[in-house]
Amino acid sequence: MNRALGVCYYPEQWDKSYWSRDAADMVELGISWVRINEFAWSKIEPQSGELRFEWLDEIIEILGKQNLKIILGTPTATPPRWMIDKYPDMLICDKEGNKRIHGSRRHYCFSHRGYSEECDRIVELLARRYGRNANVLAWQTDNEYGCHDTTISYSAAAKVEFQNWLRQIYSANTANNDGDIEALNKAWGNVFWSMNYSCFSEIDLPHNTVTEANPSHSLAFRKFSSEQVIKFNKRQVDIIRKFSGAPITHNFMGRITYFDHFKVGKDLDFASWDSYPLGFLEDRIEADEEFKKQFSRQGDPDFQAFHHDLYRSVGNGRFWVMEQQPGPVNWAPYNPNPLDGMVKLWSWEAFAHGAETVSFFRWRQYPYGQEQMHTGLHLPNGTKSAAYYEVKKLNEELKNFSLIETCNSKVAIIFDYDADAAWDIQPHGNNLSYFTLIFETYKALRKLGQSIDIVSSCHNNFSTYKIVFVPGLMYMDEKLKTVLSKFSGQVFLGPRTSTRDKNLNTPIPLPPNLPNFDAKIVLTESFRSDSPIALENGGHFCNYRERLEGSANIVERTVSGEPAILRGGNFTYIAGWLDSVALKRIFLSALKSVNLEVFDLPSGVRLRVNSKERFWFNYSSQAQKSSIVNLQPAEVFIEPIDGS
Ligand code: GAL
């Protein structure tokens, strides 16, 4: 497939006299897609019902004349000020119950019916007007659902909708039309601490409780909040589809786990995401200071790759990078300039993972507002920035290498948003986060040269894989257990996999209850990471472990003789959180046992293998030598695979 370049453009922020020139310059740079309009509601509708589409018509025409393809955003992430007067209760509320106010973005609550109807209206106006426009060739719904911690709202609207949602789940033909409250009390174990309810309208949102709320209650609220996002998105998609045949996407973010992206993805034509490697390194990754220092101008070597693999799966095989960091951003604790060549490397990494388009944020730095310190492809005065020249080079390189084909990896990791919620709600110890567990698994495999697919817990055909990793999936349904037990490859599970039921209760018989695997967890403990538990063949359980008893084979023990890794059928259960030494040793032997080619890559070097080429990346600021290639800092080396 041909790979393309794009850019995020905000015509509403610039005088009209810039537009034609900008469009011509975009073409010269090799841009083919331009995303517009995702924050322009107040420009389209300055007062309720007062519509101003002329400027949008004009810019669409100008871009179209240059054969630029437009991705039209729906502007619902930025409700205009008049909306708040109309619906003062549409504002999202934080955990303390405080209303967020107008003056930035994403200040709406997903559960507010009035606001949802306003969104329907503006989306329909746009879809009717531009649905058949020959230049509008894709749509983006809203902007970064959940960014700035905006999935969960503790508003009055959310409370009403949550109660209705629970009534439906525990529905019953009761005389008063309420749900079956006794079924809910039982499912949540509300007899504990006298938490029983007598009707659904008594149920509050799980915040402001004296100590932690019932985990079943908290998990239900997380699932409900996720579904509100899914519904909100689907309403927009359904409206656009009535008027347009163009594909629809949403631009997801890095490490936002409060809603189920796989479910949103089912309603889209492709996924896209916003990649800010240097911001993410400082802002979203647990790593020691030395590591952050080493990669401060390159970004974590695996964080972007992980999200490419995740969003390829969320997008049912199709994804883009909708916003690529071009230089220093404005929002992280430190905002350095990338090492020369990194913008190009990040883009190549995206293409190597199957991105169809990499689009840069933004065309020109804006000298007003919150993002004045955020670079673009041009300075505010129009001078070209360093990133402009890298994109130009990238475009040249793409001309010689634009046909990249992705292929199925042999290694899969199951990632699940409800599991993330479950770990958040009952972590059982400091720093025990599901995302971190998954990311450490991914990182360890990538350091061994693997190309990985991230799949959802609903995935039901693993036949193309040789090995599947399922760490931390607290609730595992029977279907997945059966599918995995019948799979011809190896499955690595644990810690905590299959240890709770779907309401976050402990099952009896005791878990993990896996087919062909006879062992049960009789103790779980978290402990200080400065007092790890050593494993007999090297490395440690670093902060959490389980003790299992049963007849499953013991593959490895702790130095004090307790089972650490157990095997039954094709399941291997790892009974604790491994440190990096143990991860490397155990995964190396696991990969070799299924005959996969394994590399021991030098610091910062990563590999991505497709059907026709191997991509080598050097994220290190030093030159590096692997067994196959020597790489300069920020170098990408594309090696054709023999016979292709
Ligand atoms: C993204 C967002 C953009 C812009 C950018 C700055 O999260 O979608 O609108 O704010 O960050 O890095």
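Net charge near L583, counting Lys/Arg +1 and Asp/Glu -1 over other residues with Cβ under 12 Å of its Cβ? Walk me through the intermediate numbers first.
On the way: positive: K443, R446, K447, K584, R585; negative: E440, D579.
Net of charged neighbours comes to +3.
Hydrodynamic radius of the stretch 411-593 by the Kirkwood approach over all distinct alpha-carbon pairs: 16.2 Å. The helix-only estimate of mean residue ellipticity at 222 nm for the chain, built from DSSP H runs of length n ≥ 4 each weighted as -39500 (n - 2.57), is -9500 deg cm²/dmol after division by the residue total. Remark on the stretch 61-108: Rg and Dmax equal 16.3, 51 Å (Cα only). Electrostatic tally near T464: other residues with Cβ closer than 12 Å to its Cβ, Lys and Arg +1, Asp and Glu -1, net +1. A probe of 1.4 angstrom, applied to the heavy atoms of all protein chains, finds F599 with accessible area near 20 square angstrom.
By DSSP, the beta bridges lying fully in the stretch 411-593 are antiparallel in about 60 percent of cases. Each Cα pair under 8 Å and six or more residues apart adds its sequence gap; the mean of these over the residue count of the chain is a relative contact order of 11 percent.
Order of 575-588, 189-202 by packing, highest average Cβ count within 10 Å first? Show your work: numbers first, answer last.
On the way: 575-588: 21.2, 189-202: 13.1.
Result, highest mean first: 575-588, 189-202.
Using the average count of surrounding beta-carbon atoms within 10 Å as a protection proxy, the listed peptides 130-141, 423-434 rank, highest first, as 130-141, 423-434.
Reported value for the stretch 281-408: 115 Å³ per residue, from the convex hull of its C-alpha atoms. For the stretch 137-154 and the stretch 460-514, what is the centre-to-centre distance using only Cα atoms, to the nearest Å? Taking the Cα centre of the stretch 460-514 as reference, the centre of the stretch 137-154 is 31 Å away.
In whole percents, the pair-distance distribution calculated for the stretch 237-304 from its alpha-carbon pairs, binned every 5 Å from zero, is 3, 15, 21, 15, 13, 11, 9, 7, 3, 2, 0. Under 1.5 on a/c is rounded, so check that first for the stretch 79-146, then, if it is not, pick prolate when a/b is larger than b/c and oblate when it is not; a ≥ b ≥ c are the square roots of the alpha carbon gyration tensor eigenvalues. Prolate, because a/c is 1.5 or more and a/b exceeds b/c.
Considering the dipole of the chain built from charges on the beta carbon (Lys and Arg +1, Asp and Glu -1) around the Cα centre, which of P206, Y130, N553 is farthest to its positive end? In the chain, that residue is Y130.
Simple rule: put +1 on each Lys or Arg Cβ and -1 on each Asp or Glu Cβ in the chain, find the dipole, and look at N618, A220, P563; the Cα lying farthest toward the positive end is N618. Just so you know, the Cα atoms of the chain work out to an Rg and Dmax of 25.4, 77 Å. Each residue of the stretch 411-421 is assigned a 3J(HN,Hα), and the resulting list reads 10, 10, 10, 8, 10, 9, 6, 5, 5, 4, 5 Hz, derived from the Karplus form 6.51 cos²θ - 1.76 cosθ + 1.60 (θ = phi - 60°), x at Gly and Pro. Measuring against 29 Å, Cα to Cα, the residue pairs K293/K584; K292/K584; K292/K447; K293/K612 contain K293/K612 as the ones spanning a longer distance.
I want the local charge near S225. Using Cβ-Cβ distances under 15 Å, sum +1 for each Lys or Arg and -1 for each Asp or Glu among the other residues. Around S225, the charge tally is -2.
Only protein heavy atoms count here; on that basis, with a 1.4 Å probe, W320 has an accessible area of about 10 Å².
Nearest-5 percent of antiparallel DSSP beta bridges in the chain? Let's see the in-between values first.
Values: 38 of 78 bridges.
Bridges in the chain that DSSP calls antiparallel: roughly 50 percent.
Taking the Cα centre of the chain as origin and assigning +1 to Lys and Arg Cβ atoms and -1 to Asp and Glu Cβ atoms, the resulting dipole is close to 980 debye. Quotient of the Cα radius of gyration of the stretch 156-218 and 2.2 N^0.38 Å, N being its number of residues: 1.08.
Put the Cα centre of the stretch 200-227 next to the Cα centre of the stretch 601-641 and the gap is 47 Å.
The values are calculated or read from the model by the stated rules, or taken from the named source; none is laboratory data. Being a predicted model, the structure only gives us computed values, none of them experimental. When we count neighbours, we look across all protein chains shown, and the Cβ atoms used for this are built from the backbone with ideal geometry, even at glycine. Just the protein is used for accessible areas: all its heavy atoms, side chains included, with ligands, DNA and RNA removed. Shrake-Rupley method; radii C 1.70, N 1.55, O 1.52, S 1.80 Å.
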